[in-house]
Structures are given as structure tokens and as C-alpha cells.
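Here's the structure we're looking at; comments come further down.
All of the numbers you see were taken from the coordinates with simple rules; none came from a lab. Since the model is a prediction, treat every value here as computed from it, not as a measurement. All Cβ positions, even for glycine, are placed from backbone atoms using ideal geometry, and neighbour counts span all protein chains on display.
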2 protein chains.
Amino acid sequence: MYELQFAVPMSGAILNNINTRLDATTVSVLLRHCESKLLFVDVFYSDLAVEAIKKLDKPPILVLIEEDEEGGDGADVADRSKFCYSYSVLVERGDPDFNWIRPESEWDPIVVNYTSGTTSSPKGVVHCHRGIFVMSLDSLIDWTVPKNPVYLWTLPIFHANGWCYPWAIAAVGGTNVCLRKFQAPLIHRLIRDHGVTHMCGAPVVLNMLTATHEEPLKSPVHFLTAGSSPPVTVLLRAESLGFVISHGYGLTETAGVVVSCAWKPQWNRLPASDQARLKGRQGVGTVGFTEIDVVDPASGRSVERDGATMGEIVMRGSSVMLGYLKDPVGTRKTLKNGWFFTGDVGVLHGDGYLEIKDRSKDVIITGGENVSSVEVEAVLYTHSAVNEAAVVARPDEQWGETPCAFVSLKPGLTRKPTEKEMIEYCREKMPRYMVPKTVVFLDELPKTSTGKIPKFVLKEMANKMGSTRLSRL
Amino acid sequence: MYELQFAVPMSGAILNNINTRLDATTVSVLLRHCESKLLFVDVFYSDLAVEAIKKLDKPPILVLIEEDEEGGDGADVADRSKFCYSYSVLVERGDPDFNWIRPESEWDPIVVNYTSGTTSSPKGVVHCHRGIFVMSLDSLIDWTVPKNPVYLWTLPIFHANGWCYPWAIAAVGGTNVCLRKFQAPLIHRLIRDHGVTHMCGAPVVLNMLTATHEEPLKSPVHFLTAGSSPPVTVLLRAESLGFVISHGYGLTETAGVVVSCAWKPQWNRLPASDQARLKGRQGVGTVGFTEIDVVDPASGRSVERDGATMGEIVMRGSSVMLGYLKDPVGTRKTLKNGWFFTGDVGVLHGDGYLEIKDRSKDVIITGGENVSSVEVEAVLYTHSAVNEAAVVARPDEQWGETPCAFVSLKPGLTRKPTEKEMIEYCREKMPRYMVPKTVVFLDELPKTSTGKIPKFVLKEMANKMGSTRLSRL
């Protein structure tokens with residue numbers, strides 16, 4: 001996948017990295033939506049790919065990637081006949097004098113990234129060469145990545161191109177340490193064996209890496225995390241082991257981290273509690289990005305910089321997407337008057353630092369994955385017993401959040417489904433990470449005067465339940 | 001001058017930083033050529049500015065910069081009535097809520113930089129916001145400038161905007177240590193007092209800083225130099241004191257260093273002589289720049305990458321100038337088919353590294369300043385006794401090169417001018433650094449079959465004379 005971030009654009013084609021945690025149906029929807037012509041498949045996901053393309057009228061050509069130092073040979077390919085090419089053979093046959101095909105315009109698309117594994121309305125974020133170029137430079141400067149770093153790929157490349165680090169790390173002559181499975185002992189071994197200097201990941205990754213590990217790192221490892229900041233206890237534990245944490249905020253639509261919690265040297269003299277509060281803020285716009293603002297949804301005006309007045313976070317800069325593929329309505333809703341409307345809610349502090357107060361109302365972030373609550377609700381509503389359904393985030397020690405469903409059942413049922421049955425039902429119809437981990441049955445869902453379900457009420461209820469995991473212990 | 005790199009573009013105006021080593025006539029020529037409307041003058045150069053604008057029909061408004069921590073108050077202003085404003089008063093009266101004026105297009109000009117102090121045909125290199133932006137990011141990445149560096153301004157800002165570091169250093173929250181005069185003890189004091197981490201300069205600066213200084217630096221100082229690489233003895237001496245030397249190549253037309261001698265870790269295992277050879281090469285294109293090539297002047301084709309076949313260095317990338325101000329012919333000669341023709345001669349090695357073999361035939365680089373030999377010759381030709389004149393570079397231990405004039409006199413003169421008289425004559429007519437330090441009288445200058453003066457023959461003669469300085473001891 002790392003090599004293909006270069007090979008595909010250099011051959012004049014457009015990238016689409018597919019989340020390997022998706023199910024075959026969702027994969028087929030994405031392949032159809034972006035009209036994939038060629039699909040490179042890691043041997044571990046060969047069955048998934050074969051199942052996905054069965055559902056397509058015009059299936060892409062499959063290329064099998066078998067060779068792997070990490071023991072990919074162990075994996076089985078159920079139906080080898082579906083694969084037209086072997087990646088390693090293709091590479092061997094390659095023309096070393098091939099003159100790479102440059103884009104005609106810097107505004108030409110280089111990649112389409114799907115923001116969530118939705119089946120009804122895939123959101124394909126399209127970025128151009130120019131935007132990716134600026135974001136790649138920006139990502140090096142903001143994180144102060146030196147020459148010849150050793151980068152470990154805990155953040156998947158299918159996740160918004162790993163925030164542009166495939167290109168950025170190449171630009172400074174870095175070494176890439178890749179891995180298929182996320183296992184804390186494996187990662188610690190790789191850090192030790194390869195002298196890893198840099199890695200990215202959701203706060204949950206940091207939590208897993210430090211929860212059961214006591215041995216300090218031999219040399220500092222720079223860890224960049226984005227979105228919600230790690231809980232203070234995780235932060236302190238990670239720092240005591242030798243991780244150097246940087247923290248920022250970005251979206252698939254911005255191609256990478258464009259808000260950075262830039263640390264001021266004088267803050268080192270503040271009490272620990274003040275430092276923790278400052279570290280919890282998402283930060284200021286990076287140097288490659290033009291502007292970040294928070295606007296009042298009603299008036300469209302900038303909110304007061306008082307750290308309290310909430311509004312929608314809006315942005316503009318070189319790395320904002322061109323738009324959503326085949327979705328002019330969604331694009332127009334999101335890109336207005338030269339600004340990108342994130343859907344996230346935040347405040348601006350007096351010193352210009354942004355702090356996110358609430359993620360977009362429809363999104364649950366679980367283990368670094370975005371889950372659209374609307375999509376999960378749509379599936380719940382297909383259950384014959386369900387009257388109303390609303391899905392919100394429930395806090396989780398390990399995953400940050402998990403989907404939590406509130407359901408009211410139809411009147412007069414002879415048999416009411418159990419929580420376990422509802423979860424089973426969802427498992428059959430969506431990727432596993434999207435499945436609600438909790439289902440709460442209510443006689444009736446709360447309503448506003450205009451008949452809408454006020455999610456903040458449900459969120460409060462979910463918050464009061466505490467961590468999914470803890471409540472089950 | 002540092003503040004003005006921001007204030008001028010943010011007010012919607014275009015920058016023109018004037019070399020303070022120029023004489024009043026040259027300054028007036030540049031001010032007229034770029035139609036300056038406002039001239040900010042450091043108190044130390046007030047007389048120069050007043051003299052310069054006397055020569056103009058439409059003189060710019062003068063603003064006097066007096067306040068200075070470094071004791072600028074000691075300087076005299078001969079004619080204070082010529083100054084309409086005081087800079088500090090203007091700043092005090094400024095509107096803190098002023099909304100800075102953004103360029104309408106990223107291609108709008110931000111700066112015009114004159115490449116040499118020429119009087120007959122000023123070359124005003126015009127750069128746009130976009131080019132300066134990309135070069136500023138690039139300059140941080142290639143030199144791995146961390147957050148909050150402490151930067152010492154030995155490289156003048158009037159020198160191609162100090163290779164874009166005014167903006168780059170601001171982008172990473174750096175501290176700027178400024179100074180008026182170049183004195184080795186002062187610089188060493190500033191490094192010590194302010195904890196300087198980064199500085200730029202010509203190799204001659206490094207030479208001066210290390211020639212008489214024996215005390216190692218308290219902490220490493222990163223020193224970026226460009227053009228010719230420092231002589232090995234200087235390099236070793238500087239490194240032993242604690243300077244960390246980076247080396248690259250760029251031109252006023254590229255806005256900064258766009259070729260960088262990127263060091264490969266495996267080269268550390270090579271013998272010192274091999275390392276010195278590798279360090280002498282200018283390097284590879286930086287990440288923000290598109291392409292560097294060396295082409296055969298006759299065929300226009302890329303030369304063999306054999307480290308031996310010479311050709312003209314050509315480049316393309318975001319930070320190549322828009323063109324020369326009011327000089328469409330010069331611009332067309334220099335920007336052809338999307339490439340910038342540098343006029344410099346180089347070779348490409350097998351590993352893609354560029355090495356400069358000869359600077360442009362018309363340019364002498366003395367103490368980091370470009371001197372056009374053609375311009376000096378034009379002045380020599382105005383002397384009533386001169387028949388022919390040709391100026392080439394003579395090696396110099398301190399300045400790198402100095403202008404060396406070869407002159408043949410008119411026949412039948414009753415009194416022949418002396419070397420000293422010729423030098424005096426030049427001093428009255430050009431900035432001091434352009435004045436030939438050596439004048440060699442020949443009965444006749446060598447000629448090719450087509451009647452041209454073969455400068456390489458004269459260069460060989462100048463080389464054989466050895467360093468200007470040594471030959472005078």
C-alpha cells in the first residue's frame with residue numbers, strides 16, 4: 001500500500017485506499033461508486049476482495065500482493081483464479097526507464113478517500129495533487145520531522161492516506177516500518193528492533209501501547225495523535241515511558257492535521273493542571289493552512305474568542321478537498337463561500353487556540369474510525385420490531401467511544417428482541433466496528449417540541465452509563 | 001527590515017530590499033527602476049538615502065528608522081528635513097485591528113530583488129506570493145528547522161530576502177537576532193548571549209568566524225551556506241568548534257536554496273577525503289522544487305550523468321521568479337520552455353547530485369555579493385586611456401573571489417595610468433565591492449579567431465596569480 005501511494009499517481013491514475021475493516025458489501029459499494037479499474041489486494045484480504053467484486057457488474061482487475069517479510073505467505077487464497085496478476089511479477093516486469101506521468105494541472109485529482117463505511121451514501125473525498133503536496137510539506141514542518149526518520153505505520157494508510165505521511169516520510173528520506181496487525185508487544189518489538197523515531201495514531205493506540213508496558217523506550221518516540229486529545233492519565237503514562245506526544249486536529253476533507261496544539265515554552269512553568277488544560281485544546285492553524293474560525297450557525301459570524309461561545313468550526317486552506325465524488329449537493333453543503341464547514345462544534349480561546357467541544361452530531365469515533373450514527377440508525381430501522389432508533393457515542397476506556405443505540409419497539413409485539421439479538425442483527429449488516437456495543441430499550445424516545453430526537457439528552461444518558469468496558473466488568 | 005518583510009506585503013504593497021553596500025547613484029537607479037513610493041531608511045544609511053533621492057524626479061517618501069537596541073542613536077542624520085515620518089511613530093499610530101490585505105491572486109508579486117548593483121541594466125527579480133510561500137516551507141524542511149529556533153541574521157535580508165528565512169523563522173515561532181555590522185567578536189557574543197541555534201551566510205562568513213576563534217561553542221549552531229562549498233580546512237575548523245554545516249545552491253531567481261547537499265548516513269563510513277569530495281557537491285533538488293537538470297547548450301539535451309560532462313544548469317519549480325521587472329527580453333532569454341536557465345555551468349553525477357563547475361561566465365562572487373564583470377568592464381571602458389578591458393574572478397582566501405581587470409591601453413599615450421589610479425577611478429564610479437582589487441596591464445588582450453576575448457584564458461592567468469590577499473603579504 002505504501003508503494004502504491006507513489007506508483008498509482010505516477011502512472012496517471014487516481015488512488016483509492018480501502019479500509020480493510022469494511023465488509024464485502026461496503027467494499028463493493030465503494031468500488032462501484034468510484035468505478036475502480038484495478039484493485040491491489042493484500043493476500044490477507046483476498047477472500048474479502050473476491051466476495052466484494054462478485055457483487056459488481058464491472059469488477060476491477062485483481063492484482064494479488066503475496067510477498068511479504070512479515071509472513072504473508074501463511075495466508076490462504078481461496079479462489080486464486082480471480083486474480084489476474086501477481087504484484088511482484090508486475091514490478092519485476094516494470095520498465096525502470098518509465099517516465100512518470102505528471103498531472104496536467106496541479107488541480108487534477110490524486111486520491112479519493114471514503115470518510116466512513118456507509119452503504120447508502122458513500123462520501124468520497126477528492127483531493128488534488130496541489131493540496132496533497134502542501135499538506136505533505138506542512139505535516140513535516142508542524143511535527144519537525146528531521147531527515148532520515150524511522151516511521152512506524154500504526155496509523156493505517158487507508159485512513160486519509162495516513163495524514164499524508166507516505167509522501168512526507170519519503171521526502172525526508174525516511175524508513176517505513178509496516179505491520180498488518182495491531183498488537184502492542186509486536187509494536188514494542190518493532191520500535192526496539194528498527195529504532196523507530198516517529199509514529200501516528202488515535203489516542204486509543206497510545207493507550208494500548210502503554211497500558212501494560214512498563215519498560216521505558218530506549219530513545220524518544222515522537223507520537224502524533226489527532227482529534228480528541230489523550231486522557232491526562234494516558235498522556236502522563238506515555239510521556240513517562242519516553243513517548244513525545246504531539247496533538248492536533250484534521251479531517252479527511254483537509255487531507256491531514258491542519259490544527260496543531262503548538263506548545264509555548266513558557267507554558268512549561270505552569271502547574272500540571274494548567275498544562276493538562278492547555279494540552280486538551282486542539283490548537284492553531286498550521287503554517288500551510290490559511291485560516292481556522294468558529295462561526296455562529298445562525299448568523300454565520302465569527303464567535304467571540306472567549307473560550308465559551310460555541311459554534312461550527314470552519315476552515316480554508318490549500319489542502320481542503322476539491323469536493324465529494326458524485327455528490328454536488330453534499331459538496332455545496334460543505335464548501336460554502338470559500339470555507340469548509342466541518343460540522344464539528346468548537347470554541348476559540350482568547351489566544352486564538354481552538355478547542356473542540358463536540359464532534360459533529362452524527363459522528364461517533366471508535367478506535368479512530370468514524371461511525372455515522374445516521375447509518376447505524378438506518379440499519380436499526382430495518383428491523384421489523386424497531387419503532388424508533390437513535391445512536392450516540394458512549395464513552396469507552398479502550399476505544400474512546402462506542403456506538404450506543406437507544407431503541408423503542410413497536411407496540412403489540414408478541415416477542416421482544418433482546419439486546420444481544422439486536423447486536424447480532426447489526427453484525428450481519430455492517431462492519432463490526434460500526435455495530436452498537438450497547439442497546440438500550442426505552443418505551444419512547446425523548447422528543448423536542450418540533451418532534452426531533454434531542455441527541456444531547458441521549459448522550460447525557462450514555463455518558464452516565466460510563467465506559468462500555470468498565471460497566472461490563 | 002525584518003518587520004517590513006511582513007508589513008509591506010500585508011498592506012498590499014510590494015517589497016524591494018536595497019543592498020546597503022551600494023552607492024547613492026546605484027540606489028537611485030534601482031529606486032527609479034522599480035518606481036519606489038515609500039523608502040524606509042535605517043538611521044545609519046540616512047545620508048546615502050538623501051543623496052540617492054536627490055537624483056530622482058519623483059523621489060519616494062522617506063521614513064526614518066531610528067529606534068534600535070544596538071545603539072543606532074549614535075548615528076547622525078545630516079538632513080532630517082528630508083524625512084517625512086518616523087517609523088516608530090508610524091507603528092505607534094497603527095491600527096491594531098487592521099485587516100491585512102491579502103493578494104487577489106497567489107501569483108501577485110510580493111517582492112522585487114535586484115541581483116547585482118548594476119547601473120546600466122538593473123535586473124529586478126520579481127517573485128509572487130505563491131513562490132515565496134513554497135520556498136519558505138521548503139527552507140524549513142530541508143534544513144530541519146525545529147520550533148522556536150534562535151536565528152542570527154548574518155545573511156542580510158536584502159540578499160534575496162535572506163533566502164526566505166524572515167518568513168520561515170516566523171512560521172516556526174523563532175527568535176531573530178539582528179545586527180548591523182559584521183564583526184566576528186560581536187557575532188560570537190550574540191551566539192553566546194542569545195543561545196543562537198541557526199544562521200546562514202557565505203563561506204567567507206564561516207571563515208571569518210572561525211579564523212581567530214578557538215573557544216568551542218556552548219551548543220551546536222546550524223550554519224547554512226550556499227553556492228561554493230567552504231574549503232575543507234574551513235569546514236573542518238568550523239565543525240571542530242561546534243558548527244553544523246549544511247550546504248546548498250540557489251539563485252535570486254529561485255528565491256532561496258533549491259539544491260541541497262543531502263547527506264546520506266552511509267557516507268559517514270567513508271574516508272575523510274571521499275567525504276570532502278561529496279561535501280563539495282551542491283546536491284539534489286529540494287522537496288519543494290520540481291526538477292534540476294544540466295543541459296548541453298548546443299543540443300538542449302540533458303548531459304550524461306557521468307560527473308564529467310559539463311552543461312548549463314536549468315531548473316523548474318514553484319519558486320522560480322515570475323521574470324525580470326521591465327525586461328521582457330532578459331526574461332525570455334532566461335525562462336524558456338518552462339525552465340529557468342541559470343547561466344551556471346555544472347555536471348550531474350551518477351547518483352543525481354549536481355556539482356557546479358563554473359559560475360556564470362559574467363559573474364564574480366566576492367564576499368557573497370554577485371559582481372557582473374560586464375558592468376565593471378563598462379566602467380573601465382569609460383576611462384580615456386583604456387583600449388580594451390576584461391574582468392574575471394581572481395581567487396581570494398577571504399572573499400572567495402575578487403574582481404581582477406585585464407586592461408590594454410590606447411597607443412601613443414603620453415602618460416600611462418598606474419594600477420592604483422585605475423582602482424581609484426573605479427571607486428568613484430561603482431560600489432566598493434565591485435571595484436577590481438587587481439589591474440593587470442597587457443599590451444593586447446588575447447583573442448579568439450572570431451575576435452572575442454576568451455575569458456577562460458584570463459581566468460587561468462588570474463588563478464595562477466593565487467589569492468589576492470596572499471600575493472600582497
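Does region B:291-427 come out rounded, prolate or oblate, given a ≥ b ≥ c as the square roots of the eigenvalues of its C-alpha gyration tensor, rounded meaning a/c under 1.5 and, failing that, prolate meaning a/b above b/c? Write down the numbers at each step before the final one.
Numbers: a/c = 2.54, a/b = 1.98, b/c = 1.28.
It is prolate, given that a/c is not under 1.5 and a/b is the larger ratio.
For region B:243-364, give the magnitude of the charge dipole about the Cα centre (Cβ charges: +1 Lys/Arg, -1 Asp/Glu; no others), in debye to the nearest 20. If you can, show how the numbers build up before the last one.
Details: 15 positive and 14 negative charges, 33 e Å.
It works out to roughly 160 debye.
Among chain A residues, which Cβ is nearest the axis of the A-onto-B rotation, and at how many Å?
Taking the axis that maps A onto B, the answer comes out as A:LEU137, 2.
Averaging the inverse of every distinct alpha carbon separation and then flipping it gives the Kirkwood radius. What is it for region A:363-464, in angstrom units? Could the numbers behind the result be given before it?
Numbers: mean 1/r = 0.0728 Å⁻¹.
Taking the inverse mean of 1/r over all distinct Cα pairs, region A:363-464 comes out at 13.7 Å.
Kindly provide the GluC sites (Glu not before Pro) of region A:367-452 that DSSP labels as loop, not H, G, I, E or B, and whose Cβ sees at most 12 other Cβ atoms within 10 Å.
On the way: sites: A:GLU369, A:GLU375, A:GLU377, A:GLU388, A:GLU397, A:GLU401, A:GLU419, A:GLU421, A:GLU424, A:GLU428, A:GLU444; in loops: A:GLU397, A:GLU428, A:GLU444.
In loop regions of region A:367-452 (DSSP not H, G, I, E or B), the sparsely surrounded GluC sites (Glu not before Pro) are A:GLU428, A:GLU444.
Over the alpha-carbon set of the protein assembly as shown, work out the extent along each principal axis and list the three values in angstrom, largest first.
Between the extreme Cα coordinates on each principal axis of the protein assembly as shown lie 128, 67, 52 Å.
Can you list, shortest first in nanometers, how far B:LEU179 lies from the same residue in the other copies, with each label 7 Å from Cα toward Cβ?
Here the equivalent label points are 4.9 nm apart from this one.
Largest first and in whole Å, what are the equivalent-ellipsoid semi-axes of region A:1-102 based on the Cα gyration tensor, each being the root of 5 times an eigenvalue?
On the way: eigenvalues 96, 65, 29 Å².
One finds semi-axes of 22, 18, 12 Å for region A:1-102.
Counting other Cβ atoms within 10 Å of each Cβ, which trypsin sites (Lys or Arg not before Pro) in region A:93-190 have at most 12 and sit in a DSSP loop?
Details: sites: A:ARG93, A:LYS123, A:ARG130, A:LYS147, A:ARG180, A:LYS181, A:ARG189; in loops: A:ARG93, A:LYS123, A:LYS147, A:ARG180, A:LYS181.
Here the sparse-neighbourhood loop sites are A:ARG93, A:LYS181.
Set the bar at 30 Å for Cα to Cα. Now go through A:LYS147/A:LYS264; A:LYS37/A:LYS147; B:LYS123/B:LYS264; B:LYS147/B:LYS333; B:LYS82/B:LYS123 and name every pair that lies beyond it.
Values: A:LYS147/A:LYS264 24 Å; A:LYS37/A:LYS147 36 Å; B:LYS123/B:LYS264 37 Å; B:LYS147/B:LYS333 41 Å; B:LYS82/B:LYS123 28 Å.
Cα-Cα > 30 Å for A:LYS37/A:LYS147; B:LYS123/B:LYS264; B:LYS147/B:LYS333; rest within.
Enter the mean projected area of the convex hull around the alpha-carbon atoms of region A:202-295, in nm², rounded to one decimal.
Working: hull surface 29.3 nm².
The directionally averaged projection comes out at 7.3 nm².
Dipole size in debye (nearest 20) for region A:103-355 around its Cα centre, Lys and Arg Cβ +1, Asp and Glu Cβ -1? Numbers along the way, then the final one.
Working: 21 positive and 21 negative charges, 96 e Å.
I would put it at about 460 debye.
Shortest first and in nm to one decimal, what separations exist between B:ALA78 and its copies in the other chains, measuring from label points 7 Å along the Cα-to-beta-carbon line?
Result, one decimal in nm: 9.2.
Taking every pair of alpha-carbon atoms in region B:265-315, give the share separated by more than 15 Å as a whole percent. Could you put the intermediate results ahead of the total?
On the way: 757 of 1275 pairs.
Taking all Cα-Cα pairs of region B:265-315, the fraction more than 15 Å apart is 59 percent.
With the Cα gyration tensor of chain A giving a ≥ b ≥ c as the square roots of its eigenvalues, does the rule (a/c under 1.5 for rounded; else a/b larger than b/c for prolate; else oblate) give rounded, prolate or oblate? Numbers along the way, then the final one.
On the way: a/c = 1.38, a/b = 1.10, b/c = 1.25.
Note, shape of chain A comes out rounded.
Which loop GluC sites (Glu not before Pro) in region A:81-152, with loop taken from DSSP, have no more than 16 other Cβ atoms within 10 angstrom of their Cβ?
Working: sites: A:GLU92, A:GLU104, A:GLU106; in loops: A:GLU104, A:GLU106.
Sites meeting the loop and neighbour criteria: A:GLU104, A:GLU106.
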